[in-house]
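**Student:** Please read through the structure below; I'll follow up with questions.
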Amino acid sequence: MSFNHIPVLLKECIEGLNIKENGIYVDGTAGGGGHSAEILKHLKCGKLFSIDRDPDAIRTVTERFKDEPNSIIIKGCFGDMKSLLKDRGVNQVDGVLLDIGVSSHQLDTESRGFSFHKDAPLDMRMSQSGTTAADLVNNLSYEELRDIIYRYGEDKYAPSIAKGIVKAREEGKIETTLQLAEIIKSSVPQKVRREGHPARKTFQALRIEVNGELTQLENGLEDAFDMLAVGGRLAVITFHSLEDRIVKKKMASWCQGCTCPKDFPVCVCGNSPKARLVNRKPIEAEISELENNARSRSAKLRICEKIYVK
């Protein structure tokens, strides 16, 4: 199966990782292997571990890099990066790349049920196993649905959408993407429907809940930074504000030094910065990339480097 995906901010990621030809690197979200392929070009005797939970992605990169001696493919979640690598005798790495969120392949493959534009079973599972989006909309309480849509979709119409879902499922099970999209559309004011498809935020929220995306991100950031060698870099691409806030806050905490109150005459906390920001502001796509890849429009790249702590 072809896993079509144009790597976002490719040049900026490679420059940001500052790749050493004998280093050890991790692509925690391998996808179709676009970023991995570029990292491999810069390695001579180094190693690249490409991780993904999606079986389609694993099949694609396994075939794509079958003749690459520096490539190791791992099926799993990047939130479990530390244990996955330690199982393979790796305790320290020189760089980690995370391209967060849903891939173009997952969105474009109708049967995966990620898109509200195409009719398909209401699935949304990146790993293709476990609880589906259909399970959530048919079994969660009104309060649970409302909170998920509001928290992960940041949709102010979460109460009315959750009510619409609960009412619709009383008449029959909600099984397909277009079925849910129509329920959402009928649950919001007419003016909202004219501003873009009202299902986008709810679909995002359900996808995040189904895949535990924000928990994976939190865990993955911690694992990645713990495994970085001094001088190693962590590069993270996000596509919406929930993800970016987590990355920004986490990197800021690593870069923070003394946390004592400002009126203390001397430091008593003993905290020292563990990292430095490579780019003060998030890197965004240039006009040329925006013209060729619409997905890059909302992408933000943040990079930090682990530093020596005295």
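The values are calculated or read from the model by the stated rules, or taken from the named source; none is laboratory data. The structure displayed is predicted, hence computed values, not measured ones. When we count neighbours, we look across all protein chains shown, and the Cβ atoms used for this are built from the backbone with ideal geometry, even at glycine. Heavy atoms of the whole protein, side chains included, go into the accessibility calculation; ligands, DNA and RNA do not. Shrake-Rupley method; radii C 1.70, N 1.55, O 1.52, S 1.80 Å.
**Student:** Heavy-atom accessible area of Arg276 with all protein chains present, probe 1.4 Å, nearest 10 Å²?
**Tutor:** 100 Å²
**Student:** How would Ser187, Ser129 line up by accessible area, probe 1.4 Å, largest first? Show your work: numbers first, answer last.
**Tutor:** Details: Ser187 20, Ser129 70 Å².
If we order Ser187, Ser129 from most to least accessible, we get Ser129, Ser187.
**Student:** Continuing with this model, one more query. Whole number please: convex hull volume per residue of the Cα set in the stretch 184-227, in Å³? It would help to have the intermediate numbers written out before the result.
**Tutor:** Details: hull volume 3.3 nm³, N = 44.
Spelled out: Cα convex hull of the stretch 184-227, divided by residues, is 75 Å³.
**Student:** Now a separate question. Subtract the Cα-Cα distance of Ser253 and Thr62 from 0.36 nm times their separation in residues, and report this length gain in nm to one decimal.
**Tutor:** Gain in length upon complete extension: 65.1 nm.
**Student:** Quick one: P(r) of the chain from all Cα-Cα pairs, 10 Å bins, percents rounded to integers, in order of increasing distance.
**Tutor:** Once binned at 10 Å, the Cα pair distances of the chain give 6, 25, 31, 22, 12, 4, 0.
**Student:** While we're looking at this one, here's another question. Using only protein heavy atoms and a 1.4 Å probe, report how much of Glu291 is accessible, in Å² to the nearest 10.
**Tutor:** It works out to around 140 Å².
**Student:** Now a separate question. Using square roots of five times the C-alpha gyration tensor eigenvalues, list the equivalent-ellipsoid semi-axes of the stretch 217-310 in whole Å, biggest first.
**Tutor:** On the way: eigenvalues 184, 42, 28 Å².
One finds semi-axes of 30, 14, 12 Å for the stretch 217-310.
**Student:** How charged is the neighbourhood of Val210? Take every other residue with its Cβ under 10 Å from the Cβ of Val210, and add Lys/Arg as +1 and Asp/Glu as -1.
**Tutor:** Residues near Val210 contribute -2 overall.
**Student:** Can you compute the FRET efficiency between His117 and Asn91 using 1/(1 + (r/R0)^6), with r the Cβ-Cβ distance and R0 = 45 Å? Round to the nearest 0.05. Let's see the in-between values first.
**Tutor:** Details: r = 45 Å, r/R0 = 0.99.
So, using R0 = 45 Å, E works out to roughly 0.50.
**Student:** Sort Phe49, Phe264 from largest to smallest accessible area, using a 1.4 Å probe on the heavy atoms of the protein chains.
**Tutor:** Values: Phe49 15, Phe264 95 Å².
These residues rank, largest area first, as Phe264, Phe49.
**Student:** When all alpha-carbon pairs of the stretch 70-159 are counted, what percent fall beyond 15 Å?
**Tutor:** Considering the stretch 70-159, 73 percent of its Cα-Cα pairs are separated by more than 15 Å.
**Student:** Ok, one more. Tally the DSSP beta bridges in the chain and give the antiparallel ones as a percent, rounded to 5. Could the numbers behind the result be given before it?
**Tutor:** Numbers: 11 of 29 bridges.
Roughly 40 percent of the DSSP beta bridges within the chain come out antiparallel.
**Student:** For the full complex of protein chains and a 1.4 angstrom probe, list Cys45, Cys304, Cys267 by accessible area with the highest value first.
**Tutor:** Values: Cys45 95, Cys304 0, Cys267 70 Å².
The most accessible residue leads, giving Cys45, Cys267, Cys304.
**Student:** Could I ask something else about it? Could you check the spin-label model distance between Val230 and Ser186? Points 7 Å from the Cα along Cα→Cβ, value in nm.
**Tutor:** 6.4 nm
**Student:** Roughly how many Å is it from the Cα centre of the stretch 164-201 to that of the stretch 232-263, as a whole number?
**Tutor:** 36 Å
**Student:** Tell me which residues come under 5 Å, amide H to amide H, from Asn271 once H is placed; ignore anything under 5 positions away on its chain.
**Tutor:** Those qualifying (amide H under 5 Å, at least 5 residues apart or on another chain) are Thr259.
**Student:** Still on this structure, please answer the following. Heavy-atom accessible area of Asp147 with all protein chains present, probe 1.4 Å, nearest 10 Å²?
**Tutor:** Rounded to the nearest 10, the figure is 60 Å².
**Student:** Let me ask something else. Given Cβ point charges of +1 (Lys, Arg) and -1 (Asp, Glu) and nothing else, what value in debye, to the nearest 20, does the dipole of the stretch 59-210 about its Cα centre take?
**Tutor:** Values: 24 positive and 23 negative charges, 67 e Å.
For this selection, approximately 320 debye.
**Student:** Turning to a different aspect of this structure: May I ask you to give the solvent-accessible area per residue for the stretch 104-145, in square angstrom, as obtained with a 1.4 angstrom probe?
**Tutor:** On the way: 1850 Å² over 42 residues.
Heavy-atom accessible area per residue stands at 44 Å².
**Student:** Can you work out the FRET efficiency for the pair Glu21 and Ser141, with r the C-beta to C-beta distance and R0 = 51 Å, to the nearest 0.05? Write out the running numbers ahead of the final one.
**Tutor:** Details: r = 55 Å, r/R0 = 1.07.
About 0.40, to the nearest 0.05.
**Student:** Then there is this: Using 0.36 nm per residue, how much length does the chain from Lys163 to Arg193 gain when fully extended, once their Cα-Cα distance is taken away? Intermediate values should be presented prior to the final figure.
**Tutor:** On the way: separation 30, 0.36 × 30 = 10.80 nm, distance 1.75 nm.
Result: 9.0 nm gained on full extension.
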